[in-house]
Structure formats: structure tokens, C-alpha cells
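Okay, structure first, notes after.
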Amino acid sequence: MESQPRGFISRLFGSRRREPAVPERVEVQPPISPVTEDVLRSVTPHVLAVTMLQLAMERNSQWRQVNSSATSEADAKFPMACESYQLSIFTDLLTQRFGPQISSIFDASLNAVMDVDSGIGLYPRFKDAIARAHQLGPAEIGPNEPKLRMDWRVAQQLLSIVAEPEQSKQNLLPALAESLSYARIWAESTYPGVVAKIEFDPLSIAMVQRESAYKGVTNRWRQAPGCFERQLQRMEGNPLFPEDRRHPTDEDILQAREKDDADLKQLDSDVQKLFDDFKSLNEGGKVQGSRLTDYLQHRVEPLMARAAEIGDLPSAQRCIPALKNLIIACLTNLKKSAGVDLSIESFEPTWRYKTCVFIAQCHRDDTPIDRFAVEALLCENTQTVENVLNVYREWDPGIIDSMREMARLHLELADLDGFDLPGADEKLALLGAP
């Protein structure tokens, strides 16, 4: 019988005989052994790395058919490619729940454990190739389904680091892409349940910052989502929200992204027109101070607020400091050229709430968030919660009192469901709860 290629797991824990056929279906959320669950309840990042490798070994599958005519270096690395892809999904979920500092400690342990075999250093190379694939987006070739075309892109990037003739890589591409698809589907159905059970030994992450925002339970989300996608992310698997809103579909997420992207496209157009109009304004000669301040208040500041309404999409957030700098430059120039002293302080007081993403999103006309909705606010990080509460206290201190009672009630009910909201104690303290 033909010898089977060996992946990271077999290198570390010994070879096993594996069935050569691609599984006809991928099991959804197979049970985790009691031993593994016990380990996950108080785990160190290093033990977690080893545990995840053992879990992958227990799958006892290479996710592919053996191509007897392919004996190349690339073919031999199919198992390692699939394992790396799955581990990248797990690391993304870990980052989403616990934050980048804790996931980086886990990743360092993975690097150390996987490098035990003669220092081959393949895992970091595969990891970098997967990251490049995500930056490039779905491939232009392959199936119509975007996720499957993303698997093709990952396969292309993984093959790019292998010393093989180009024709050999092209021949292997469909088989590797299919293997990666099976590996991804299994990981996406299994790892969210694993990550939900993880609690780190406090000493193992002492002095390391933990993520305090709630970011859902799957890896379907953009790293910096817009307004509509972020609200779906807040609700995913979250007992703070009604049961019928906790399970957004892929179609729901796609529609939310389309809304966010349409908003962003319109913002880009409006900002470009703003700068074009501003250029024409300057070309007309000396501008009266009152006309300029009216322009800043009624054209520039509303676009700052609109950028905040759109959310954390990077290009929207870049607009805010650019527009602030435009206002500051105009006021500075007006003082120098016309002797008109309009201090920046006359503009700044409103910026704190106009450019606060959460508040701006709550008050947009088509908001998906209930105004002053404590459930949504509790999902934000502690710094955002503090900033929002400071603004609300200025508006009406009584708002905080009602929010505090609602927050305590929601968290008590969620606790009955075994839900661990990141930073819950700190957020209650910010609300003034005893």
C-alpha cells in the first residue's frame, strides 16, 4: 500500500493509517471528549496549542483522495496545508473572543510545538500564505460560491511557497482547494463550540489585555464591520437578545454588508464633492468668516457624523480625522489672514458624541439599534462603554439609572444560560452598579 503523506500531527504524535477517500459529508460539531472539555476549563495557551493538535489528530482524516500519480513535494504537504488552514480559523476565533494579545501567545506556542521536527518552520510560512490569501480575497476562478473561491485563493497561495514546476501546481490546485474546503467546513462547524468552552488559567495570561467587546461566535465577520453587520455580530449567539435574533444567516450578513458598503460608497462620493467645492470656494477670492464657519458646520461636521454612523469600516474612520484637520486648518488660516479669532473650542464640544461610533449609530435615521439599548452597549469594549456613559450623563443622568437596572437584569438572565460576557464586571462598575 502506498505510504501516506504525513502532516504536523503525525510528525508530532506518530503515524496512523488513514482512509484515502474524501468524506462524502462533514460532520457538524462532533462531540469533544470529556478529557478535552476538562482541559479547556482552565487552560494555558501552551496546553491549548497541544490540545488543538490532538483534536486534529483524532479526526483521522486527510480531507482528500490520494492521487497516486502525484508524488510531488506539494502533494506531500496536503495534510499540513489543511491543518494550517484549520488552525488559522481557530486562531481567528480565539482572537475574536479573547483579543490579539492572548491569541498571539497561543500562536507562539503553536510555532514552538510544530517546529519540533528538525526546525522545518513550515507552519509560519503556511500561516503567512493564508493571511495573504485573505488580503487578496476570493479567487477569480473556481466555484461560484464565494467561500469556495476563497479556498481556491488559499490553495493558490499555499502552492506558491512550494518549490514545484508551475504546471505541477496547476494540476494540484483543484484537489488542494477541495481538500481545504472540507477542512474549513469541519473547522467552522466545530471550533466555535470549542472556543466557547475555553477559560484560561489566570496566571497564564496575567498582565495581558483581554478583549472586552463581544464579537459573536463564528468567523463569518469582517475584522472591522460597519453599522448593520456589527449589530448582527452583537446578536449572534448572545442571550442578551431575543432567541429569534441570535442566529443571523449568511444571507442576513451579506445584506448587512451591502448596506454598509453602499453607505461607505456614498460617503466617499460626498467627501470628494466636499473637497471639490471647498477648492472652488477658495478660488473665488477672500471668504467671509461667517460664510466659512457656516460651511464647516453644515457641510464638514455632518460628514464627520456620517462617517461615525457607518461604523468601524477603516476608510470611514479615516475620514473623521481628515475632516477634523480640515476644520482646524480653516480656523487657523482664518485667524491669520483676517484676524478673526474663532477658537477650535467652539467646534470641539460636539465632536465627542458626533464622532462616537456607538452613539452615532444609535441615532441614525435607519438604525438597527434601539436607542439607549443597554444590550448593544454591553457588547462594546469597556473604553467605548465609558465614553458613551460620560456623554449620556451630560444629557440626562437619569438615563444611567434605568440602564444600570436593565444591564443587571439582562446579565443575570444571561448568566443562567451560562453566558460569559467579556468584561461584564467592569461594565457594571462603569454603570455604577454596587
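Any residue at all in segment 169-181 that is more than 16 Å from K77 (Cβ to Cβ) and among the hydroxyl-bearing types (S, T, Y)?
Looking through segment 169-181, at least one residue is more than 16 Å from K77 (Cβ to Cβ) and among the hydroxyl-bearing types (S, T, Y).
Against the conditions (1) at pLDDT below 95; (2) in a helix (DSSP H, G or I); (3) not basic (K, R), where does A133 fall short? Just the number, please.
Failing condition for A133: (1).
Taking the condition surrounded by 14 or more Cβ atoms within 10 Å (Cβ to Cβ), in the same structural domain as A256 (by TED's automatic domain parsing) and modelled with pLDDT under 80, does F372 pass?
It is true that F372 is surrounded by 14 or more Cβ atoms within 10 Å (Cβ to Cβ), in the same structural domain as A256 (by TED's automatic domain parsing) and modelled with pLDDT under 80.
Results for (1) among the hydroxyl-bearing types (S, T, Y); (2) under 20 Å from R246 (Cβ atoms); (3) in the same structural domain as E140 (by TED's automatic domain parsing); (4) modelled with pLDDT of 90 or more, shown as yes or no for each residue.
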| position | (1), (2), (3), (4) |
| --- | --- |
| L158 | no, no, yes, yes |
| Q167 | no, no, yes, no |
| L172 | no, no, yes, no |
| A187 | no, no, yes, yes |
| K215 | no, yes, no, yes |
| W221 | no, yes, no, yes |
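Looking at the structure I just gave you, is R404 over 28 Å from the mean Cα position of the chain (by Cα), at pLDDT 90 or above, more than 19 Å from V357 (Cβ to Cβ) and not acidic (D, E)?
yes
On the given criteria, is A139 at negative phi, of a type in the set (A, V, I, L, M, F, W, C) and either modelled with pLDDT of 95 or more or part of a helix (DSSP H, G or I) (or both)?
no
Within the group R393, R352, R364, which residue is touching a helix residue (DSSP H, G or I) at 6+ places or on another chain (Cβ under 7 Å), without any contact (Cβ under 8 Å) to a residue 24 or more places away in the chain and either more than 21 Å from G99 (Cβ to Cβ) or polar (S, T, N, Q) (or both)?
R393
Counting only residues that are surrounded by 13 or more Cβ atoms within 10 Å (Cβ to Cβ) and either of a type outside the set (G, A, S) or over 21 Å from C362 (Cα atoms) (or both), how many does segment 406-419 have?
7
Going through segment 217-233 one residue at a time, which ones are closer than 23 Å to K147 by Cβ and assigned to a helix (DSSP H, G or I)?
F228, E229, R230, Q231, L232, Q233
Name the residue, out of R125, R153, that is charged (D, E, K, R), in the same structural domain as S84 (by TED's automatic domain parsing) and at pLDDT 95 or above.
Of R125, R153, the one residue that is charged (D, E, K, R), in the same structural domain as S84 (by TED's automatic domain parsing) and at pLDDT 95 or above is R153.
Search segment 151-178 for residues that are without any contact (Cβ under 8 Å) to a residue 60 or more places away in the chain and within 19 Å of R125 (Cβ to Cβ) and pair each with any residue that is surrounded by fewer than 19 Cβ atoms within 10 Å (Cβ to Cβ) and basic (K, R) when their beta-carbon atoms are under 7 Å apart and the residues are at least 6 apart or on different chains.
Q157/R132; I161/R125
How many residues does segment 228-251 hold that are surrounded by fewer than 16 Cβ atoms within 10 Å (Cβ to Cβ) and either touching a strand residue (DSSP E or B) at 6+ places or on another chain (Cβ under 7 Å) or more than 15 Å from V217 (Cβ to Cβ) (or both)?
Count: 3.
In this structure, does L377 turn out to be of a type in the set (A, V, I, L, M) and at pLDDT 95 or above?
yes
Answer yes if at least one residue in segment 86-109 is under 23 Å from P45 (Cα atoms) and assigned to a loop (DSSP other than H, G, I, E, B), and no otherwise.
Yes: segment 86-109 contains one or more residues that are under 23 Å from P45 (Cα atoms) and assigned to a loop (DSSP other than H, G, I, E, B).
The values are calculated or read from the model by the stated rules, or taken from the named source; none is laboratory data. Everything numeric here is computed off the predicted structure, so don't read it as measured data. With ideal geometry, Cβ positions are generated from the backbone for all residues, glycine too; neighbour counts draw on all protein chains shown.
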